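Visitor: This is the structure I want to talk about, given as structure tokens.
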Amino acid sequence: MISAHAKIATNTTWFTLALVLQKIISFVYFTYLARSLGATDLGSYVFALSFIAIFSIIIDFGTNHFITREIAKDSTQAQHIFSNILGFKIITSFIAVIIVFMVINLLNYSPVVCRLVYIASILMVIESLVLSSFALLRGFHNLRYESIGTIAVQLFTMIGGFIILQYSNNLSLLMLVLVCSNLINLIYVLLLLRYKINLHIKVLFDWKYWQSLIRVILPFALAAGFTKIYGAFDQILLSKLASSEALGFYAVAYKLTFALQFLPLALVAALYPAMSTYYKIDKISLNKAFTRAVYYLLIITIPMTAVIFSLASEFINTLYTNVYTESIIPLQILILSLVFLFINFPLGSLLNAADKQTKNTKNIAWAMVINILLNIFFISNYQAIGAALASLLSTIFLFFINSWSVKNLLHIDFKYLILVGVKTVFAGLIMSFSIYYLKSSLHWMLAGLVGSFIYLFLQFVFQTITKRDIIQIYQSFKKREL
């Protein structure tokens, strides 16, 4: 039987690979969309997805974290939990769709944008059911099937989108492609639950259970809601306070930055169930797992930040053409938030795993308020650049209050992590300066590659990365059991 440590390593490695492929496909597709549609139509498309993202919190209501955590503790409750969640989501889906229709019409958007939102509301319901189903599988420490579904849905979306764009730039058809792809993914995961976990797809309306459920998941629901608003409100404000074109410029910078979220997402997906278990029975293992997670995120995110910041103009002009030149500065600002953004994932998950979800919710709420206020001020004056500044400052704020919240939960070796961070930042700065210097005489891709080798060399010199780390990563690829 594979150990818990091995499961974390294996799940992280293979789910990371799946998310890498998914993000690559998504990135290629988004780039093609941006080049084909132009900034204004791209802004309308992105707005519809951002708009329904906020209202999806009504459907999910924090249930996904609850499903994973409770099944990780007691898998015999899987059928009862899942059947009640399905019943719960039938009602919340109906409420959410009605509210979406009402609000988008009250805001007086164009018929084209309204139609996009109507179609996206169907997507909102389907995605919620998919996420809950995979959350259940995560409770069984199984991410292999989610990895397959993650890649497949993006492939279907890209292929369908490419076909549509050969004949038309119809935004409604492009949104329907997303709906169909996710519907296939929903059928796939429901079949898995039936034949792999032996769950019956039935609906329960246990009102007493729901009353106790709501008391437990309310902090998760609020946290998820605040996170959605935190992540999407800037794009909605841009469309209202600036223009769809400004949103298109910001969306390109945002996509380049947040496409990299697959790393902490994959890590936390594998780590969270184990964290919930470790917190009850093995604080030493929890401390080691958390410290190692932050260590890996530090040494990965800082060179990413250095490369993208140094080559922002080359990335934008090459991938999106000079039509999107106004995306360069927002990209450089957003990429500076990457390390804080990534480390917020394990910090928030640790709070949830330790039953401190209320504290986590309060932290996200404060960050959301700060983000909204900064967006209102900065967008009015600086449009896309302002939205990027608001995102950077609120992400840093959330990092500091999360760090303060976890300091008493574990005996975290902050001195070790700070030392790793200082060494890594120093290596990243040298890397960045090297790229700036080299790109004037070398092709920018080659300059970035040379800079990356310089970074790795310095990390070995500083002993931040050791031979043992390389061996551990290699061995995690060899352990395929799930």
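Visitor: Only one of PHE47, PHE51, PHE101, PHE88 is modelled with pLDDT under 90 and of a type in the set (A, V, I, L, M, F, W, C); which?
Guide: Numbers: PHE47 fails: modelled with pLDDT under 90; PHE51 fails: modelled with pLDDT under 90; PHE101 fails: modelled with pLDDT under 90.
PHE88 is the lone residue from the list that is modelled with pLDDT under 90 and of a type in the set (A, V, I, L, M, F, W, C).
Visitor: Within the set of pairs 6 or more residues apart or between chains, which connect a residue that is part of a helix (DSSP H, G or I) inside the stretch 114-131 to a residue that is crowded, with 23+ Cβ neighbours inside 10 Å and of a type in the set (Asp, Glu) with Cβ atoms less than 9 Å apart?
Guide: What qualifies is SER128/ASP60; LEU131/ASP60.
Visitor: Follow-up. Considering every residue within the stretch 145-167, establish whether at least one is of a type in the set (D, E, K, R) and farther than 18 Å from SER50 by Cα. Lay out the reasoning, then the answer.
Guide: Residues of the stretch 145-167 that are of a type in the set (D, E, K, R), as a first pass: 146.
When the remaining residues are screened for being farther than 18 Å from SER50 by Cα, the result is 146.
Among the residues of the stretch 145-167, at least one is of a type in the set (D, E, K, R) and farther than 18 Å from SER50 by Cα, which makes the answer yes.
Visitor: Please specify each residue of the stretch 189-198 satisfying the condition of being touching a Phe, Trp or Tyr at 6+ places or on another chain (Cβ under 8 Å) and within 16 Å of LEU131 (Cα to Cα).
Guide: Correct list: VAL189, LEU192, LEU193.
Visitor: Test GLN154 against the criterion of being in a helix (DSSP H, G or I), modelled with pLDDT of 85 or more and crowded, with 21+ Cβ neighbours inside 10 Å, and give yes or no.
Guide: Yes.
Visitor: Taking the stretch 320-340, which residues are more than 14 Å from TYR254 (Cβ to Cβ) and either β-branched (Val, Ile, Thr) or in contact (Cβ under 8 Å) with a residue 40 or more places away in the chain (or both)?
Guide: Start the filter on the stretch 320-340 by keeping residues that are more than 14 Å from TYR254 (Cβ to Cβ), which leaves 321-323, 325, 339-340.
Once the filter is applied, which keeps residues that are more than 14 Å from TYR254 (Cβ to Cβ) and either β-branched (Val, Ile, Thr) or in contact (Cβ under 8 Å) with a residue 40 or more places away in the chain (or both), the stretch 320-340 yields THR321, VAL323, THR325, VAL339, PHE340.
Visitor: Please state which one of VAL268, VAL252 is among the β-branched types (Val, Ile, Thr), modelled with pLDDT under 75 and in contact with a helix residue (DSSP H, G or I) (Cβ under 8 Å, 6 or more places away or on another chain).
Guide: VAL268
Visitor: Ok, one more. Going by what's in this entry, would TYR109 be described as farther than 26 Å from THR68 by Cβ and not basic (Lys, Arg)?
Guide: The answer is yes for TYR109.
Visitor: Just a yes or no: is a residue in the stretch 404-423 surrounded by 15 or more Cβ atoms within 10 Å (Cβ to Cβ) and modelled with pLDDT of 85 or more?
Guide: Yes, that holds for at least one residue.
Visitor: Which residue out of LEU37, LEU49 is over 24 Å from the mean Cα position of the chain (by Cα) and among the hydrophobic types (A, V, I, L, M, F, W, C)?
Guide: LEU37 is the lone residue from the list that is over 24 Å from the mean Cα position of the chain (by Cα) and among the hydrophobic types (A, V, I, L, M, F, W, C).
Visitor: Is there any pair linking a residue in the stretch 218-247 that is within 13 Å of SER380 (Cβ to Cβ) and modelled with pLDDT of 80 or more to one that is aromatic (Phe, Trp, Tyr) and buried (at least 22 other Cβ atoms within 10 Å of the Cβ), with Cβ under 8 Å and at least six apart or on different chains, and which?
Guide: Partner pairs satisfying both residue conditions: ASP234/TYR250; LEU238/TYR250.
Visitor: Also, I was wondering about something else. Would the stretch 28-45 turn up any residue that is of a type in the set (Val, Ile, Thr), crowded, with 22+ Cβ neighbours inside 10 Å and not in a loop (DSSP other than H, G, I, E, B)?
Guide: no
Visitor: Please verify whether VAL20 is touching a Leu at 6+ places or on another chain (Cβ under 7 Å) and either in a helix (DSSP H, G or I) or not acidic (Asp, Glu) (or both), treating the condition exactly as stated.
Guide: Details: touching a Leu at 6+ places or on another chain (Cβ under 7 Å): no; either in a helix (DSSP H, G or I) or not acidic (Asp, Glu) (or both): yes.
No, not satisfied.
Visitor: When you go through PHE233, PHE249, PHE258, PHE226 one by one, which is the residue that is buried (at least 20 other Cβ atoms within 10 Å of the Cβ) and either in contact with a Gly (Cβ under 9 Å, 6 or more places away or on another chain) or not in a helix (DSSP H, G or I) (or both)?
Guide: PHE249
The values are calculated or read from the model by the stated rules, or taken from the named source; none is laboratory data. In this text the structure is predicted, and so the values were computed from the model without any measurement. Because the Cβ atoms are built from the backbone with ideal geometry, glycine has one as well, and the counts that use them run over all protein chains shown.
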